[in-house]
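The values are calculated or read from the model by the stated rules, or taken from the named source; none is laboratory data. On a predicted model such as this, the values are computed, not experimentally measured, just so you know. A quick note on method: Cβ atoms are made from the backbone with ideal geometry, for glycine too, and the neighbour counts reach across all protein chains shown. Please note that ligands, DNA and RNA were not included when accessible areas were found on the heavy atoms of the full protein model with its side chains. Shrake-Rupley method; radii C 1.70, N 1.55, O 1.52, S 1.80 Å.
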Amino acid sequence: MVPLTAVIIAKNEADRITACLQSLSGWVQDIVVVLNDCTDRTRAIAESFHARIVEHAWEGYAQQRNIGTQYANTQWIFRIDADEVVSPELRTAIEAFFANSNHTRYSACYCYRINRFLGQWLKMNDHQLILFDKNHAHWEGVVHERLCFSGPAQTLFGPLFHYTERDVAHTLQKNIHYAQLKATELAQRYSQKRLAFNLLTYPWHAFIKSYFQQRCYRNGIAGFYVASLSAIYVFFKYLFAIELKHNHD
């Protein structure tokens, strides 16, 4: 067993969490699943894999992850979501990392994530932080939370598979929900004029970054779709922020 605790936050993920847990079973020392307001079989499925369940009222993505970290029995944490699956190559890389006595000099590890949209695996740059030493890190942020850590990080070779999309409608709803969560923070940070400027310019930047810098153009229609989703998210988070600012004023 690798001295590692996998921490998963989940709500109504019964249709996807089995594959995630199967990819962790038999080699990860500990699994903690932080649940909130589940109405499906997510808990029963997690318990069938001997995961430890933590019921915690929703406080935001970062706080749910911090709660899971507090319940971990190991120093190192594997941040993984219910819609992600560890590839055999990534498992081998993680096992090799912990087998090397030099791993103690690192505070975190990254890997490459492969995302599935419109029924195909996308070729794009998606560098994700997956492992960290809980003594030197904590999560922050309302949505698209970030891990704040001190010390060097290592890159592990082997993909993390991300089954991010149930269908197009689900993805659009999720992006709009994320935009609403982020809007409160933006409304507090920026003036009405600055929000309007960002609304007109930043969606274009988001599309260009995704389509060209992350090389989504290599994926045909699916790549154009993903770049458009990035722009839609940015557009709506500033639009919601303008609405909040207007209502407050």
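Things worth noting here:
- Counting every C-alpha pair in segment 37-181, the share spaced more than 27 angstrom apart comes to 26%.
- A 1.4 Å probe run over segment 1-61, with the rest of the protein chains in place, finds 45 Å² accessible per residue.
- Using only the C-alpha atoms, the convex hull of segment 1-51 corresponds to 55 Å³ per residue.
- Label-to-label distance for residue 142 and residue 185 is 0.8 nm, based on points extended 7 Å past Cα in the beta-carbon direction.
- The residues of segment 102-187 present an accessible area of 50 Å² per residue when probed at 1.4 Å with all protein chains retained.
- Model label sites at residue 114 and residue 27, defined 7 Å from Cα along the beta-carbon direction, differ in position by 1.6 nm.
- Whole-percent carbon and sulfur share, accessible surface of segment 51-90, 1.4 Å: 47
- Pair-distance distribution P(r) for segment 24-116, from all Cα-Cα distances in 10 Å bins starting at 0: 12, 44, 35, 8, 0 percent.
- Quotient of C-alpha Rg and 2.2 N^0.38 Å, computed over segment 29-81: 1.10
- Beta bridges per DSSP with both ends in the chain, % antiparallel, nearest 5: 45
- When its C-alpha radius of gyration is set against 2.2 N^0.38 Å (N residues), segment 68-141 gives a value of 1.23.
- Values of log10 I(q)/I(0), in the order q = 0.08 Å⁻¹, for the chain under a Debye, Cα-only, solvent-free model: -0.34
- Across segment 203-208, rounded Karplus estimates of 3J(HN,Hα) from the backbone phi angles (6.51 cos²θ - 1.76 cosθ + 1.60, θ = phi - 60°) give x, 5, 4, 5, 5, 4 Hz, Gly and Pro being marked x.
- Cleavage-rule hits (trypsin sites (Lys or Arg not before Pro)) in segment 46-135: DSSP loop, at most 11 neighbouring Cβ within 10 angstrom: none
- Placed amide H near residue 117: partners under 5 Å, 5+ positions off or other chain: 122
- Largest accessible area first, the residues 11, 193 order themselves as 193, 11 under a 1.4 Å probe with ligands, DNA and RNA left out.
- A simple spin-label model places the labels of residue 239 and residue 135 4.9 nm from each other, with each point 7 Å out along Cα-to-Cβ.
- Subtracting the Cα-Cα distance of residue 212 and residue 100 from 0.36 nm times their residue separation leaves 36.6 nm of extension gain.
- Chain lengthening between residue 89 and residue 224 when straightened (0.36 nm per residue, less Cα-Cα): 45.7 nm
- Electrostatic dipole magnitude of segment 54-186 [Cβ: Lys, Arg +1; Asp, Glu -1; Cα centre; debye, to 20]: 240
- Segment 190-242: translational diffusion in µm²/s, Stokes-Einstein, Kirkwood Rh over Cα pairs, 10 °C, 1.306 mPa s: 141
- Largest first and in whole Å, the equivalent-ellipsoid semi-axes of segment 118-245 read 26, 22, 14, each the square root of five times a Cα gyration tensor eigenvalue.
- Per residue Cα convex hull volume in Å³ - calculated over segment 133-192: 147
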